[in-house]
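For reference, the structure is listed below as structure tokens.
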Amino acid sequence: MEMIRMFKVAKDSATANRTAALNQLHAIVVTAPAALRERLQRLKKKELVESCAGLRSGEITTPLAAAKMTLRTLARRIQQLDQELKETIAQLDQLTMQLCPELRNTYGIGVDISATLVVAVGDNQERMKSEASFAALCGVNPLPASSGKVVRHRLNRSGNRQANCALHRIVVCRLQRHQQTKEYVERRTAEGRSMKEIIRCLKRFVAREVFGILRGGPAVRTAAA
């Protein structure tokens with residue numbers, strides 16, 4: 001678990017730096033001299049990075065040469081971070097499969113999501129007394145939001161936001177591709193529930209399923225259960 005936590009830190013850092021470098025690359029392309037801008041602005045992301053990485057600036061005496069050198073530096077940084085991400089994700093893939101294979105085999109849960117949930121549990125062992133405490137940690141426990149004769153609950157905005165985001169990504173994946181989840185949404189929609197309320201319920205179901213797997217207890221096998 002500690003190994004996963006350390007690799008997850010490295011992975012998140014590389015992802016953030018890659019996104020920043022890519023945004024900077026696009027910004028330089030937009031403000032580059034016209035001849036260079038017209039050549040690069042229509043390229044797709046992968047082609048743009050490869051093209052910029054191969055630029056030759058020559059002697060830095062003009063804005064065009066400076067733009068080429070800057071773009072090459074950013075592009076090669078992105079390529080280096082891509083390689084770091086590939087290696088780090090491979091390590092996380094291996095470690096999560098060793099630690100929690102059942103979680104990895106659960107619908108909608110991949111390498112990054114499983115690592116996020118494992119780290120959230122590992123950093124808060126003293127709080128994992130029950131399934132409800134895990135739901136509260138992830139910010140998916142229902143909060144009353146009734147008004148007048150309307151009785152309802154709303155999404156929780158507190159808790160571990162990375163774990164909450166991981167559960168949300170699982171729900172989004174199942175909403176798109178999981179037949180039982182689609183049937184659940186249709187049934188709850190017919191009852192007059194809004195999509196936000198349905199997502200809140202689904203995230204709570206997924207939290208119950210994940211907690212059961214991580215604790216080795218009985219798990220709800222599908223969010224529609």
Which of the aspartates and glutamates could a cross-linker span from residue 45 if the Cα-Cα distance has to be under 19 Å and same-chain partners fewer than 8 positions apart are dropped? 82, 84
For residue 59, net neighbour charge (Lys/Arg +1, Asp/Glu -1) across residues whose Cβ lies under 15 Å away: +3
Percent of Cα pairs exceeding the 32 Å cut-off, where the set is the chain: 39
Hey, got a sec? Which GluC sites (Glu not before Pro) in the stretch 113-193 land in a DSSP loop and have at most 12 other Cβ atoms within 10 Å? 191
Measuring from centroid to centroid over Cα atoms, what is the spacing of the stretch 121-157 and the stretch 179-214 in Å? 14
Tilt, helix 161-177 to longest principal axis of the chain (alpha-carbon atoms), in degrees rounded to tens, equals 80
Just want the ordering: 173, 138, from fewest to most Cβ atoms lying within 10 Å of their own Cβ. 173, 138
Proximal lysines relative to residue 196, as straight alpha-carbon distance under 21 Å, when same-chain residues fewer than 8 apart are discounted: 149, 182
In the stretch 2-96, if every C-alpha pair distance is counted and binned at 5 Å from zero, what percent goes to each bin? 2, 14, 22, 20, 13, 10, 8, 6, 4, 1, 0
Rounded, prolate or oblate (a/c below 1.5 giving rounded, otherwise prolate when a/b exceeds b/c) for the stretch 100-214 by Cα gyration tensor: oblate
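Values in this text are rule-based calculations from the coordinates and carry no lab data. All values reported here derive from a predicted model rather than from experimental measurement. Ideal geometry is used to build each Cβ from the backbone, glycine not excepted, and the neighbour counts take in all protein chains shown.
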